[in-house]
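The values are calculated or read from the model by the stated rules, or taken from the named source; none is laboratory data. This is a predicted model, so every value here is computed, not measured. Ideal geometry is used to build each Cβ from the backbone, glycine not excepted, and the neighbour counts take in all protein chains shown.
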């Protein structure tokens with residue numbers, strides 16, 4: 001259907017990368033990495049050159065999020081997926097309650113459900129619908145996903161937990177940096193850097209309240225629990241306090257994330273969040289203005305400011321259009337999440353994706369569909 005479609009020169013975006021992850025890494029950041037020459041890559045992660053960048057990253061995140069002074073920034077290898085097990089094994093006392101809005105929040109629930117000594121329960125809604133976490137007695141860990149990457153559902157409202165010992169935990173992977181939260185209501189906030197923070201995967205960042213640190217260190221003393229050395233919170237916390245990781249990290253990932261945090265700190269979180277909302281208004285407005293498009297997430301309060309998903313009339317095959325645009329090196333990675341099996345677009349609204357490029361993308365897609373009739 002789209003094999004003969006030609007994109008007008010004036011509509012070609014300045015960068016073809018619109019994917020939800022890994023995300024657009026500025027070329028300038030790569031140049032800055034190259035400029036380090038022999039002083040960084042290939043050197044020990046226990047030495048000052050690397051520890052300086054880790055400290056810069058931790059300080060930069062603390063400044064960006066305006067964190068409470070007693071919250072700790074912990075980082076390590078493995079990505080956010082590792083933390084599903086790491087939290088289950090080392091942060092849950094007896095039971096966790098999971099609010100599930102898509103593929104990744106459900107995988108988190110399943111990870112906890114497989115641990116024999118835990119009681120894990122999910123409250124699940126259909127894909128494309130949202131649910132904000134609620135306080136429920138009888139659970140010592142309340143688990144929610146700030147931005148469900150697979151569906152574009154945003155769950156940013158947080159309850160005040162009545163049990164003073166319970167922890168509120170957020171998987172913030174594709175929302176961190178662009179969706180604000182009330183830090184007074186969050187005990188564990190974790191993410192990987194390959195989304196808004198424009199780096200490669202394989203690293204996790206976990207922001208922990210004093211309650212969460214106390215819980216993790218205390219539960220590790222329970223000798224009846226099996227926790228692999230690799231997943232022990234004590235190792236992650238102790239090393240992070242020394243501006244390093246327990247195992248050897250991919251230094252490039254840390255460097256690129258640090259460059260992105262410095263870039264975002266020039267504006268500040270408020271300006272970054274407002275720009276994300278402006279992009280969201282553009283994209284949802286476009287989807288609502290076309291008869292052949294519909295926002296997948298119908299509840300406006302649940303529509304993400306970081307990832308947008310749009311249903312497309314089945315007459316127009318979006319996988320075919322995406323393949324044509326990729327082959328021409330004009331637009332990359334706008335296909336739907338594979339397991340949804342929908343004729344859909346999934347587009348990142350991350351900080352480095354220019355508003356003007358999103359405007360061009362809407363015009364390209366509209367032109368392709370409307371000229372195919």
Legend entry - Filter pass, residue 253 being over 30 Å from residue 370 (Cα atoms), assigned to a helix (DSSP H, G or I) and either assigned by TED's automatic domain parsing to the domain that holds residue 21 or touching a residue at least 12 places away in the same chain (Cβ under 8 Å) (or both): yes
Legend entry - Filter result (within 9 Å of residue 118 (Cβ to Cβ) and assigned to a loop (DSSP other than H, G, I, E, B)) within the range 80-92: 92
Legend entry - Matching entry among 10, 72 (being more than 27 Å from residue 338 (Cα to Cα) and not assigned by TED's automatic domain parsing to the domain that holds residue 140): 10
Legend entry - Candidates 96, 105, filtered to the one that is touching a helix residue (DSSP H, G or I) at 6+ places or on another chain (Cβ under 7 Å), within 15 Å of residue 168 (Cα to Cα) and crowded, with 16+ Cβ neighbours inside 10 Å: 96
Inset, instruction - Tell me, yes or no, whether the range 318-341 has at least one residue that is closer than 26 Å to residue 131 by Cα, surrounded by 14 or more Cβ atoms within 10 Å (Cβ to Cβ) and over 20 Å from the mean Cα position of the chain (by Cα). - result: no
Inset, instruction - Exactly one condition in (1) under 27 Å from residue 18 (Cα atoms); (2) buried (at least 24 other Cβ atoms within 10 Å of the Cβ) is not met by residue 141; state its number. - result: (1)
Inset, instruction - State which residue is nearest to residue 150 (Cα to Cα) when the search covers only the range 268-314 and only residues that are in contact with a helix residue (DSSP H, G or I) (Cβ under 6 Å, 6 or more places away or on another chain) and without any contact (Cβ under 8 Å) to a residue 40 or more places away in the chain. - result: 310
Inset, instruction - Kindly indicate whether residue 41 is touching a residue at least 12 places away in the same chain (Cβ under 8 Å), assigned by TED's automatic domain parsing to the domain that holds residue 249, assigned to a loop (DSSP other than H, G, I, E, B) and surrounded by 11 or more Cβ atoms within 10 Å (Cβ to Cβ). - result: yes
Legend entry - Total residues in the range 125-153, condition in a strand (DSSP E or B) and either modelled with pLDDT under 95 or in contact with a helix residue (DSSP H, G or I) (Cβ under 7 Å, 6 or more places away or on another chain) (or both): 4
Inset, instruction - State the number of residues belonging to the range 1-24 that are touching a helix residue (DSSP H, G or I) at 6+ places or on another chain (Cβ under 8 Å) and over 19 Å from residue 346 (Cβ atoms). - result: 8
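Conditions tested, residue by residue: (1) more than 22 Å from residue 277 (Cβ to Cβ); (2) within 20 Å of the chain's Cα centre (by Cα).
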| residue | (1), (2) |
| --- | --- |
| 68 | yes, no |
| 73 | yes, yes |
| 76 | yes, yes |
| 89 | yes, no |
| 110 | yes, yes |
| 120 | yes, no |
| 148 | no, yes |
| 151 | no, yes |
